[in-house]
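For reference, the structure discussed in these notes is given below.
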Amino acid sequence: MPSRQRVKDTGLAALSVAAVVLLILGVWWFVAYSVGRGLSIADPEEQATRLFHAGAPVSNVALYGHMVVGGLLTCLAPLQLLGLVWRRVPWQHRALGYAVASLALGTGVAGLVYIAQQGTIGGPLMNAGFGLYGALMVLAALQTVRLARRRDPAHRDWALRLVVLALGSWLFRVHYGLWVGVTGGAAMTDDFRGAFDRVQTFAFYLPYLALLELYLRLFRRRDVFRPAPTHVAE
């Protein structure tokens with residue numbers, strides 16, 4: 001008969017798989033939109049939008065590449081939460097971790113390049129909020145890989161931070177959808193400079209990072225949804 005611990009681990013693994021599958025289904029609409037729009041860079045209709053800048057190929061490649069890579073990141077990053085599953089196939093966990101870190105680095109750098117060249121529609125405050133978001137994304141990706149290669153268990157915490165940041169763009173849109181549904185769009189403006197827009201500049205990632213830090217400090221010894229104690233890359 002299977003041991004009690006084995007039954008418990010199997011149950012927790014099944015629970016984590018179900019939670020991650022639901023999360024991926026929840027973000028799929030955003031993934032499809034982001035990747036699809038990013039790939040439409042050569043479409044004349046897309047080139048007529050405010051996002052496309054004629055005569056600025058670097059900015060355009062950075063922004064539309066950011067959309068494609070960011071969409072893929074949003075889809076793949078949650079898979080790293082399957083810690084109890086990845087323990088059985090650690091090499092796949094490392095390979096996926098390396099891919100997630102690479103996508104995060106790419107989308108973070110691309111976003112920062114675009115902000116540096118074109119700025120954001122919301123002006124200096126949005127530049128600062130989105131710039132910090134991109135910088136944190138790059139930092140989390142680099143730290144996850146660096147610590148994993150050193151076999152430092154702290155890489156698991158950085159991997160979780162990276163997952164939270166990877167979901168940020170999706171959460172940004174979820175916040176707006178909920179706000180419009182509840183208030184009808186109060187305190188919002190077309191140029192993203194309304195009171196709600198200003199709060200949103202930081203609210204789509206900083207509160208979630210703060211909650212994660214609280215979790216890491218209160219439940220550091222529990223690893224139900226944490227990545228396996230292996231490495232992103234070797």
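The values are calculated or read from the model by the stated rules, or taken from the named source; none is laboratory data. Just so we're clear, the structure is a prediction, and the values are computed from it rather than from any experiment. Here the Cβ is made from the backbone with ideal geometry for all residues, glycine too, and neighbour counts use every protein chain on show. The protein model used for the area step is the full one, side chains on, heavy atoms only, and it has no ligands, DNA or RNA in it. Shrake-Rupley method; radii C 1.70, N 1.55, O 1.52, S 1.80 Å.
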*Filtering the stretch 1-25 down to residues that are touching a residue at least 24 places away in the same chain (Cβ under 8 Å) and open to solvent by less than 50 Å² (accessible area, probe 1.4 Å), which residue is nearest to V89 (Cα to Cα)?*
A13
*Is there a residue in the stretch 115-122 that is part of a loop (DSSP other than H, G, I, E, B), aliphatic (A, V, I, L, M) and farther than 19 Å from H53 by Cβ?*
no
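What about M126, is it in contact with a Gly (Cβ under 6 Å, 6 or more places away or on another chain), closer than 20 Å to G168 by Cα and in a helix (DSSP H, G or I)? Before you say what the answer is, go through the steps one by one.
On the way: in contact with a Gly (Cβ under 6 Å, 6 or more places away or on another chain): no; closer than 20 Å to G168 by Cα: yes; in a helix (DSSP H, G or I): yes.
Answer is no for this residue.
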*Taking the stretch 110-154 only, how many residues are farther than 12 Å from G70 by Cα, in contact with a Leu (Cβ under 7 Å, 6 or more places away or on another chain), among the aliphatic types (A, V, I, L, M) and buried (at least 23 other Cβ atoms within 10 Å of the Cβ)?*
2
_Residue satisfying condition, being free of Cβ contacts under 8 Å to residues at least 24 places away in the same chain, among the polar types (S, T, N, Q) and under 26 Å from A19 (Cα atoms), within set Q80, Q47, Q92_ = Q92
*Give the residue, chosen from I41, I24, that is of a type in the set (A, V, I, L, M, F, W, C) and not in a loop (DSSP other than H, G, I, E, B).*
I24
*Out of curiosity, is D197 within 24 Å of A62 (Cβ to Cβ), surrounded by fewer than 14 Cβ atoms within 10 Å (Cβ to Cβ), touching a residue at least 40 places away in the same chain (Cβ under 8 Å) and in contact with a Gly (Cβ under 8 Å, 6 or more places away or on another chain)?*
no
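Residue-wise test of (1) under 19 Å from T107 (Cβ atoms); (2) open to solvent by less than 40 Å² (accessible area, probe 1.4 Å); (3) in contact with a Ser or Thr (Cβ under 6 Å, 6 or more places away or on another chain).
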| position | (1), (2), (3) |
| --- | --- |
| S40 | yes, yes, no |
| Q47 | no, no, no |
| R50 | no, no, no |
| P57 | yes, no, no |
| V61 | yes, no, no |
| L73 | yes, yes, yes |
| L76 | yes, no, no |
*What is the one condition in (1) in contact with a helix residue (DSSP H, G or I) (Cβ under 9 Å, 6 or more places away or on another chain); (2) open to solvent by 10 Å² or more (accessible area, probe 1.4 Å) that T107 does not satisfy?*
(2)
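Looking at V58, V68, which is the one that is within 28 Å of G131 (Cβ to Cβ), more than 20 Å from the chain's Cα centre (by Cα) and not small (G, A, S)? Let's see the steps before the verdict.
Values: V68 fails: more than 20 Å from the chain's Cα centre (by Cα).
Answer to the check: V58.
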*Are there any helices (runs of 4 or more DSSP H) wholly within the stretch 162-234 with 2 or more residues that are of a type in the set (D, E, K, R) and modelled with pLDDT of 95 or more, and if so which?*
195-203
